[in-house]
Amino acid sequence: MVKADFESQFYSLFGTDYELASKKLGKSPRQIRRYIETGRVCGTVRILTDIMYRGYLPNSNGWNDAYIDKDGVMHSPYGKVTSGDLAYVHNYKWVAQRTTEQLKTARKRISELEQLSNSDEIQDALLDIVAKLARKAC
């Protein structure tokens, strides 16, 4: 992380409230100002600021470009995700699985019905029934 990244993250988190920053980062307000002015930041403060800025998400693998803003919305390269979305993920998965099962069952039933409608026995039986009904009607 370069100096500009630290500064932008710091100001995004704390603004100019050096007292709050000193409590969160474990350094004196004077030391925090010195970090900002000189751009020479101790590694621990730099890493902690990055972790806090990203919303405590890991900085590895697929999480590199994700962060959680102050409103609790997670931003990723794929879009925004709210806590409500995460709460209903299991429901979305269940509905998708259930719908897939219903679709497979419907396809199987359709193929069975197509086989029955193409069967000569069924057609002959239906013709016999129609013939009997026609004889009774006369």
Task: Among residues of the range 57-94, those that are open to solvent by 90 Å² or more (accessible area, probe 1.4 Å) and over 30 Å from residue 11 (Cα atoms), counted - done: 5
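Just for the range 127-138: of the residues that are open to solvent by 100 Å² or more (accessible area, probe 1.4 Å) and part of a helix (DSSP H, G or I), which one is nearest to residue 71 (Cα to Cα)?
So in the range 127-138, the residues open to solvent by 100 Å² or more (accessible area, probe 1.4 Å) come out as 127, 132-133, 135-136, 138.
Retained after the next criterion (residues that are part of a helix (DSSP H, G or I)): 127, 132-133, 135-136.
Numbers: 127: 71, 132: 75, 133: 73, 135: 79, 136: 78 Å.
Result: 127.
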Task: Set 97, 123, 115: member being open to solvent by less than 100 Å² (accessible area, probe 1.4 Å), more than 30 Å from residue 49 (Cβ to Cβ) and polar (S, T, N, Q) - done: 123
Open item on the list: Could you tell me how many of the residues in the range 1-54 are of a type in the set (Val, Ile, Thr), over 28 Å from the mean Cα position of the chain (by Cα) and assigned to a helix (DSSP H, G or I)?
Closed with: 5
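Condition check ((1) within 26 Å of the chain's Cα centre (by Cα); (2) at pLDDT 90 or above) across all residues:
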position: 91; (1), (2): yes, no
position: 106; (1), (2): no, yes
position: 128; (1), (2): no, no
position: 134; (1), (2): no, no
position: 137; (1), (2): no, no
Open item on the list: Condition (residue is closer than 29 Å to residue 18 by Cα, in contact with a Lys or Arg (Cβ under 8 Å, 6 or more places away or on another chain) and either in a helix (DSSP H, G or I) or free of Cβ contacts under 8 Å to residues at least 40 places away in the same chain (or both)) applied to the range 55-62: is it met by at least one residue?
Closed with: no
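Conditions tested, residue by residue: (1) modelled with pLDDT under 90; (2) open to solvent by less than 70 Å² (accessible area, probe 1.4 Å); (3) more than 27 Å from residue 65 (Cβ to Cβ); (4) not aromatic (Phe, Trp, Tyr).
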site	(1), (2), (3), (4)
4	yes, yes, no, yes
7	yes, yes, no, yes
12	yes, yes, no, yes
16	yes, no, yes, yes
27	no, no, yes, yes
33	no, no, yes, yes
36	yes, yes, no, yes
42	yes, yes, no, yes
47	yes, no, no, yes
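The values are calculated or read from the model by the stated rules, or taken from the named source; none is laboratory data. As the structure is a prediction and not an experimental result, all values here were calculated from the model. Positions of Cβ are generated from backbone atoms using ideal geometry, with glycine treated the same way; all protein chains shown enter the neighbour counts. Heads up: the accessible areas ignore ligands, DNA and RNA and are worked out on the full protein's heavy atoms, side chains in. Shrake-Rupley method; radii C 1.70, N 1.55, O 1.52, S 1.80 Å.
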